[in-house]
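Report on one structure; see the data block that follows.
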Amino acid sequence: MNNLNPSYQIKHRQRWLLLILFLVVILAGLKFYIDYLLSPVDAQKTTLQTFVVESGESTLGVAQRLEKEGLIKSANVFAILARSRKSQGQIQAGEVELSPSLNASETLKKLMLGVSDKRTTLVEGWRVEEMAQELNSKLKIEKSDFLAVAKEGYMFPDTYYFSPKASASDVADVMKDNFNQKYDEKLQAKIKKLGLSVDEGVILASIVEREARSEEDRKMVASILLKRFNIGMPLNADATVQYALVPQGAKSPPAGGWWKRYLTRDDLKIESAFNTYLYPGFPPAPIANPGFSSIQAVAEANTATPYLYYYHDPQGRSYYAKTLEEHNENVVRYH
């Protein structure tokens, strides 16, 4: 027989209900907080950054660096998550591309998959030897292997993500395909309207890439060089001499660098088909790999430009002249 007071029983049940409710609220709050700590640091910030896991590095050590670099919100919660997923694999040593837009679970998955594609930036105006140097540094591709398959002028400069296992041919094919997409039929038609062949357009764009400093300069330089070409005047482009000074296929730059900054009178006399001071017309091939803006500048060159000369001062400002006398005055005045 139950001798407990009914009112006591009611109060007792109420206390238990309140306790259960309190625990539910606590657990719900805890889950909400953990979910927050596992969520992306910044869902809008999708820019990738390279994160390197060192061989033998502890999970907590990795987590602490991830938090410090703004890739996760909590090192401790991430470490607990990693331990709970241990049956799925280990965090792999190597280089991985991560971003603050990934949640902790996605970040962990990438780390467990291991090394991702290598981010490789190949700069506008580089010659293939410079590209070979960068690819060797980032992907360990033999320079000679890349130079054997690369075609100067047609290796489109861009930021790429290559597999660490990519071969020289794989890389060259991707870059050439990118070039073909950028240098489309519309641009080629404009080039042909100027009286140039598709390949001559690339040659001129490669010179413009090395000679010009800005978007506006590219269009002006392209127009001036095209005018010189059309009237049979030597192009007199320093960049072609700079290119000629370094043997094609060089594995490393000479003392003066890939592009010698200050040319001497003797440099301008170098015997080479690429020397546009000695030989009128275009060089036999591109001297570098132009970016899209330089190709576009050639396609939109003004054939009616009144100028024949350009000069860039040490600060990068440009001055244009109609006559050699005006050009010489600019050189003296702004040197």
* To do: State whether one or more residues within region 225-233 are among the aliphatic types (A, V, I, L, M), within 18 Å of His327 (Cα to Cα), buried (at least 16 other Cβ atoms within 10 Å of the Cβ) and modelled with pLDDT of 95 or more.
  => yes
* Considering Gln44, Gln49, which residue is exposed (fewer than 10 other Cβ atoms within 10 Å of the Cβ), within 20 Å of Leu102 (Cβ to Cβ) and modelled with pLDDT of 75 or more? -> Gln44
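Collect the residues in region 79-103 that are free of Cβ contacts under 8 Å to residues at least 40 places away in the same chain and not β-branched (Val, Ile, Thr), keeping them in residue-number order.
At the first step, the residues of region 79-103 found to be free of Cβ contacts under 8 Å to residues at least 40 places away in the same chain are 79-80, 82-92.
Once the filter is applied, which keeps residues that are free of Cβ contacts under 8 Å to residues at least 40 places away in the same chain and not β-branched (Val, Ile, Thr), region 79-103 yields Ala79, Ala82, Arg83, Ser84, Arg85, Lys86, Ser87, Gln88, Gly89, Gln90, Gln92.
Counting just the residues of region 261-292 that are among the small types (Gly, Ala, Ser) and within 15 Å of Arg210 (Cβ to Cβ), which one comes out surrounded by the most Cβ atoms within 10 Å (Cβ to Cβ)? Walk me through it before giving the result.
To start, the set of residues in region 261-292 that are among the small types (Gly, Ala, Ser) comprises 272-273, 281, 285, 288, 291.
Still in the list and also within 15 Å of Arg210 (Cβ to Cβ): 285, 288, 291.
On the way: Ala285: 16, Ala288: 29, Gly291: 20.
Filtering region 261-292 for residues that are among the small types (Gly, Ala, Ser) and within 15 Å of Arg210 (Cβ to Cβ), the one surrounded by the most Cβ atoms within 10 Å (Cβ to Cβ) comes out as Ala288.
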* To do: Give the residue that is farthest from Tyr36 (Cα to Cα), with candidates limited to residues of region 57-79 that are out of contact with any strand residue (DSSP E or B) (no Cβ under 6 Å at 6 or more places or on another chain) and in a loop (DSSP other than H, G, I, E, B).
  => Glu57
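I need the helices (runs of 4 or more DSSP H) fully contained in region 188-299, keeping only those with at least 3 residues that are more than 30 Å from Val149 (Cα to Cα) and touching a strand residue (DSSP E or B) at 6+ places or on another chain (Cβ under 9 Å).
Working: elements: 198-211, 215-230, 238-245, 292-299.
Where helices (runs of 4 or more DSSP H) fall fully within region 188-299 and carry at least 3 residues being more than 30 Å from Val149 (Cα to Cα) and touching a strand residue (DSSP E or B) at 6+ places or on another chain (Cβ under 9 Å), they are 215-230.
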* Asked: Hey, Phe162 hits all of (1) exposed (fewer than 14 other Cβ atoms within 10 Å of the Cβ); (2) at pLDDT below 95 but one; which does it fall short on?
  -> (1)
* Report, ordered by the first and then the second residue, all pairs with beta carbons closer than 7 Å, sequence separation of six or more or different chains, a first member in region 246-272 that is in the same structural domain as Gly316 (by TED's automatic domain parsing), and a second member that is among the β-branched types (Val, Ile, Thr) and in a helix (DSSP H, G or I). => Leu263/Val241; Asp267/Val241; Leu268/Val241; Ile270/Val241
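The values are calculated or read from the model by the stated rules, or taken from the named source; none is laboratory data. Quick caveat, the model's predicted, so the values are computed rather than measured. Because the Cβ atoms are built from the backbone with ideal geometry, glycine has one as well, and the counts that use them run over all protein chains shown.
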